[in-house]
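Following: one structure in structure tokens, then a few remarks.
The values are calculated or read from the model by the stated rules, or taken from the named source; none is laboratory data. Computed from a predicted structure; not experimentally measured. Virtual Cβ from ideal backbone geometry, glycine too; neighbours counted across all protein chains shown.
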Amino acid sequence: MLSYKADLEQQSAKNGCGSKTLEKALSGIKVFDASQGIAGPHATFLLALHGADVMKIEPLEGDWGRVLGRKVGEETIHYLAFNSGKRSIALDLKSKGGREAALKLAAQADIFIESYRPGVIGRLGLGYEEVRRINPDIIYASVSGYGQKGPNTAAPATDALIQAYSGMMKMNHTDDGRPHRNGMIVIDGLTGLYAYQAISTALIKRLRFGGGAYLDISLAQAAAAFQAAKIMEFVDTGGRTTPLYVPAGMYETADDYVVINGMRPNHFAAVCKAVDCEALAQDPRWPTPNDRLKYTKEINEKLREAFKRFATTDVVARLRDADVMVEGVKTYGDWLEDPHATESEFYHWVETKGFGRMPIATVPGAPECPSGIAPHIGEHTREILADAGFDADWIDTQIKSGAFAESQHDSQPVPVA
């Protein structure tokens, strides 16, 4: 079997997504990744993509994120998407051998990330103060639902719960005012991005000025940060939904939907002309953008009737000719077949074990494409322990005792040209 790093490089090259640079920014950085689910693993997936050696520290039964969605063998789509490029070690943190190994790995790490409920990791002997005593310069990130302080600290949280808690569902309401959940795991994804930037910034600070850092990263705070403008707007308007301009948003066509953005003063007349309702643009009640905001409902009712007379492709062509921002509302299948997405290499195809041929999305600014290789539970247990300095006899003894587990197979997908 190929070595871990050589395997990743070979798979990327075969996929036509070889490294764009010989050096990756985080090459040589070691990450102790005790996070599970989506948010923490998303952050460490990005660290791995930029060259970090991410050691996925899993319980013997594996990351609970392995059971999210349809499962084939040990894996699910969500697990594969957020865990490629990592190594897995499976251990029992309550066992003597497991704790000994965890402390040694933490002492050798540059970054420590965990996503247990507040207080749990400390009871396992791996809290920030314990790790800092053996590794003063550690960058330690705790990812949780509500954060490390406050009345909700101990409460469990999911993406959907934080969408509800943060006001996002009420903001994203239907026409009748009913709160609506975003179908994507948007808060988990955002939290992973915020965690990645906070960890990366702390690492730069350490390289420039020295010293470690403790980072309290919560889904609740990430949701607030992402909605900063909407929260301010709520205070300013008293909660009234106020469009920025008209026309804007989604309009039904004869066969589907389009989304338009008529933000410039001349766009209103251009949209009206494109859908053959030029008289609407000449109405003396709304000569300016601010005037049109007062009549948003009436204008949109007339535009919606006009849009329904045209096919989506026709509307898109007409509005683009008029230099109005417009896009058809696509399915993921439409997007995968879109010429621009293909030519711009927004994704590449990999033949995965269990799920077959799958599109792997590329990451903006990353030095290479994601490999599509996500480790099985304990696939690298022996390798990680040996790298940390434990001898083969000790490793054998501890595995037999049940302190560690190892996978009997590797997870190399077959790339598709």
Condition broken by Val350, with the remaining ones in (1) in a loop (DSSP other than H, G, I, E, B); (2) at pLDDT below 95 satisfied: (1)
Residues that are crowded, with 18+ Cβ neighbours inside 10 Å and either under 19 Å from Gly249 (Cβ atoms) or within 20 Å of the chain's Cα centre (by Cα) (or both), drawn from segment 203-220: Leu215, Ile217, Ser218, Leu219, Ala220
The condition of being at pLDDT 95 or above and under 25 Å from the mean Cα position of the chain (by Cα) holds, among Gly356, Gly372, Gly378, Gly365, only for Gly378
List the residue pairs whose Cβ atoms are under 8 Å apart, where the first residue sits in segment 164-178 and is at positive phi, the second is outside any helix (DSSP H, G or I) and not β-branched (Val, Ile, Thr), and the two are 6 or more positions apart or on different chains. Gly167/Gln227
Looking at segment 318-333, which of its residues are touching a strand residue (DSSP E or B) at 6+ places or on another chain (Cβ under 9 Å) and farther than 26 Å from Gly183 by Cα? Arg318, Leu319, Arg320, Val324
Given Arg320, Arg304, Arg309, Arg285, which one is without any contact (Cβ under 8 Å) to a residue 40 or more places away in the chain, in contact with an Asp or Glu (Cβ under 9 Å, 6 or more places away or on another chain) and among the basic types (Lys, Arg)? Arg285
Scan segment 106-117 and tell me whether some residue there is β-branched (Val, Ile, Thr), in the same structural domain as Gly183 (by TED's automatic domain parsing), touching a strand residue (DSSP E or B) at 6+ places or on another chain (Cβ under 8 Å) and at pLDDT below 95. no
Please work out if Phe82 is buried (at least 23 other Cβ atoms within 10 Å of the Cβ), closer than 22 Å to Asp387 by Cα and either in the same structural domain as Gly365 (by TED's automatic domain parsing) or over 19 Å from the mean Cα position of the chain (by Cα) (or both). no
Does segment 300-319 hold any residues that are buried (at least 19 other Cβ atoms within 10 Å of the Cβ) and hydroxyl-bearing (Ser, Thr, Tyr), and which are they? Thr312
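When you look at Ile260, is it part of a strand (DSSP E or B) and under 21 Å from the mean Cα position of the chain (by Cα), yes or no?
No; evaluated as a whole, the condition is false for this residue.
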Tally the residues that are modelled with pLDDT under 95, among the small types (Gly, Ala, Ser) and assigned to a helix (DSSP H, G or I), restricting the search to segment 26-80. 1
Is it true that Val186 is in contact with a strand residue (DSSP E or B) (Cβ under 7 Å, 6 or more places away or on another chain), surrounded by 17 or more Cβ atoms within 10 Å (Cβ to Cβ) and at pLDDT 95 or above? no
